[in-house]
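Trainee: My questions all concern the structure below.
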Amino acid sequence: MEYGLIGKVLVHSYSQYIHTLLTQKEYVLKSLDENEFINFMKNKDFKGINVTIPYKEKVIPYLDEIDEKASLIGAVNTIINQNNHLKGYNTDYYGFIKMIKRHNINFENKKVLILGSGGTSKTIKQALIDLSAKEIYIVSRTKKKNVITYQELDNYFDIDCIINTTPYGMYPNYEKDTLIDVKKFPYLSLCIDIIYNPYKTNFLLEAKKRNIKIISGLEMLVEQAILASELFFNVKYSEIVYKNIFHQTMLKYNNIVLIGMPASGKTTASRILSKKLKMEYLDLDEEFEKINNVSIKEYFEKYSESAFREQENQIVKSIKDVRGKIISTGGGTFLNEENAEILSRNGIVIFLNRDLYSIKKIKSLKKTRPLLTDNNALQDLYEKRIEIYKKYADKEIYCKGTKLNTINLILESLR
């Protein structure tokens, strides 16, 4: 191969898609066991490669030259082969720095926990040093020099930021419990996961539920891939290229999930967005009616709301691995925490916040919405649900004016 990614397990990787978008050149994902890795590095049969777990440190003895920053870190994720002369770089470092600056995050006087002690952990630690973090603690399952264990974390309750650099929670094992309980850190204001698949790990989902700022590893992945491609081909990409690549990668591997009150325009918006973004849409209420061959209102009358919610949950669980779709939810779908987590994990959750006065004016409302018997019922529903919508929403769109205006606001929020 000429260009590609080497690692042990690569089923989770988006790198092939990103690099192909950038250059239209072949980019190969090459899974290697320990012996295959050794032979691959000795043969030097490539022009440029990226390196991931568990080889970011193990590649170093095979290099003829190493970039100054990568040498300081002690980990390499990008290698250029020029006439059998191998030079290693660490684009993860610069990708992380760019991501942090993009979010205007200041680490000065901050106390940070880094989960994991491998090559990525070393990279993030050096970046935090260069960003003037006050205190940095490395956490590992086993006791080592300058490392604390998870059992010792009770002594570090005043942490400001936690960064996960382990593969724990990565696809396909994303349903595992979290490594750490964010509730134990009352001063926590930021959680970052270097994992990008799923978009929100359980670690990030738990933090978001507590109104803690979260950042997924997808931004860093795209940043470091662009930097690696610049090294491969001796080119320079513009900020527009980053935005386009990130946008396309985000929408290919994640869903757009619309939430909000009944009659807030979710179904209409999903259909219009489907055409504009060339993405399939899935309406959970329509799916329910198709499966049961009955309207939701009739189902409520014949059975009960709890019976409906049970079936709705089964539908949500059946689509937990769906990607690249626009999903319109029912008004109460996110009341079930399992539903909310499944749909949030690989979703950009957009809350369509339409004012109640506009909803009340819809004449067919009481005929088609089983829980909206009168205006007081609508007000009660809103008060019960508004905080749940806001808790899970990645973006909130105030639906004022025309449908087109709402669609444009949604599209703008995704850029």
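Trainee: For the stretch 204-215, just list the computed ³J(HN,Hα) in residue order, Karplus coefficients 6.51, -1.76 and 1.60, θ = phi - 60°, integers in Hz, with x standing in for Gly and Pro.
Mentor: Going residue by residue, I get 6, 4, 5, 5, 4, 4, 9, 6, 9, 4, 10, 9 Hz, with x marking Gly and Pro.
Trainee: Straight-line reach from LYS143: which lysines have a Cα under 19 Å away, not including same-chain ones fewer than 8 places off?
Mentor: LYS122, LYS125
Trainee: Moving to a separate point now. Would you order VAL9, VAL257 from fewest to most other beta-carbon atoms within 10 Å of each residue's own beta-carbon?
Mentor: Lowest to highest Cβ neighbour count: VAL9, VAL257.
Trainee: Using Cβ contacts closer than 10 Å as the measure, can you line up LEU5, LEU72 from fewest to most?
Mentor: Placing the least packed residue first, the sequence is LEU72, LEU5.
Trainee: Next up: If you place +1 on the Cβ of every Lys and Arg and -1 on the Cβ of every Asp and Glu, how big does the dipole about the Cα centre of the chain come out, in debye to the nearest 20?
Mentor: Once rounded to the nearest 20, the dipole reads 920 debye.
Trainee: Among the chymotrypsin sites (Phe, Trp or Tyr not before Pro) within the stretch 118-177, which fall in a DSSP loop and have no more than 13 other Cβ atoms within 10 Å of their own Cβ?
Mentor: Taking the stretch 118-177 and a limit of 13 other Cβ atoms within 10 Å, the loop chymotrypsin sites (Phe, Trp or Tyr not before Pro) found are PHE157.
Trainee: How large is the convex hull of the Cα atoms of the stretch 145-197 per residue, expressed in Å³ as a whole number?
Mentor: Taking the convex hull of the Cα positions in the stretch 145-197, it is 98 Å³ per residue.
Trainee: In addition: Sorted from fewest to most neighbouring beta carbons within 10 Å, what does the list GLU57, GLU152 look like?
Mentor: GLU152, GLU57
Trainee: Another one. For the stretch 17-97: lysine pairs with Cα atoms under 13 Å, gap of 8 or more or different chains, count?
Mentor: So the count works out to 5.
Trainee: Between SER31 and residues 5 or more places away or on another chain, which pairs have amide H atoms under 5 Å apart, with H built 1.01 Å from N, and which residues are they?
Mentor: Sorted by chain and number, the residues that satisfy this come to none at all.
Trainee: Taking the Cα centre of the stretch 3-89 as the origin, how large is its charge dipole in debye, to the nearest 20, when only Lys and Arg (+1) and Asp and Glu (-1) carry charge on their Cβ atoms?
Mentor: 140 debye
Trainee: Now, a different point. Consider the candidate values (i) 21, 42, 25, 6, 4, 2, 1, 0; (ii) 20, 44, 31, 4, 0; (iii) 25, 50, 22, 3; state which one is P(r) over Cα pairs in 20 Å bins from 0, in percent computed from the structure displayed.
Mentor: Checking each listed value against the structure points to (iii).
Trainee: Just flag the GluC sites (Glu not before Pro) in the stretch 170-225 sitting in loop per DSSP whose Cβ has no more than 13 other Cβ atoms within 10 Å.
Mentor: Hits after loop and neighbour filter: GLU175.
Trainee: What ratio of Cα Rg to 2.2 N^0.38 Å holds for the stretch 254-414?
Mentor: In units of the 2.2 N^0.38 Å rule of thumb, it is 0.97.
Trainee: While we're looking at this one, here's another question. Quick one: net charge around GLY401, please, counting Lys, Arg +1 and Asp, Glu -1 for every other residue with C-beta under 12 Å from its C-beta.
Mentor: +2
Trainee: Note down the net charge around ILE342, summing +1 for each Lys or Arg and -1 for each Asp or Glu among other residues with Cβ under 13 Å from its Cβ.
Mentor: Spelling it out: positives minus negatives among the neighbours equals -1.
Trainee: Moving to a separate point now. Relative contact order for the chain using alpha-carbon pairs under 8 Å, separation at least 6, rounded to a whole percent?
Mentor: It comes to 12 percent, rounded to a whole number.
Trainee: I need the trypsin sites (Lys or Arg not before Pro) found in the stretch 202-243, filtered to DSSP loop residues with at most 15 other beta carbons within 10 Å of theirs.
Mentor: ARG210, LYS236
Trainee: Over the Cα atoms of the stretch 3-89, Rg to Rh with Kirkwood Rh, two decimal places?
Mentor: 0.94
Trainee: Same structure, new question: Let me know the charge dipole size of the stretch 94-220 about its Cα centre in debye, to the nearest 20, where only the beta-carbon of Lys, Arg (+1) and Asp, Glu (-1) is charged.
Mentor: 160 debye
Values quoted throughout were computed directly from the atomic coordinates according to the rules given, and no laboratory measurement underlies them. None of the values given here were measured: they were computed from a predicted structure. In this analysis, Cβ positions are derived from the backbone assuming ideal geometry, glycine residues included, and neighbour counts consider all displayed protein chains.
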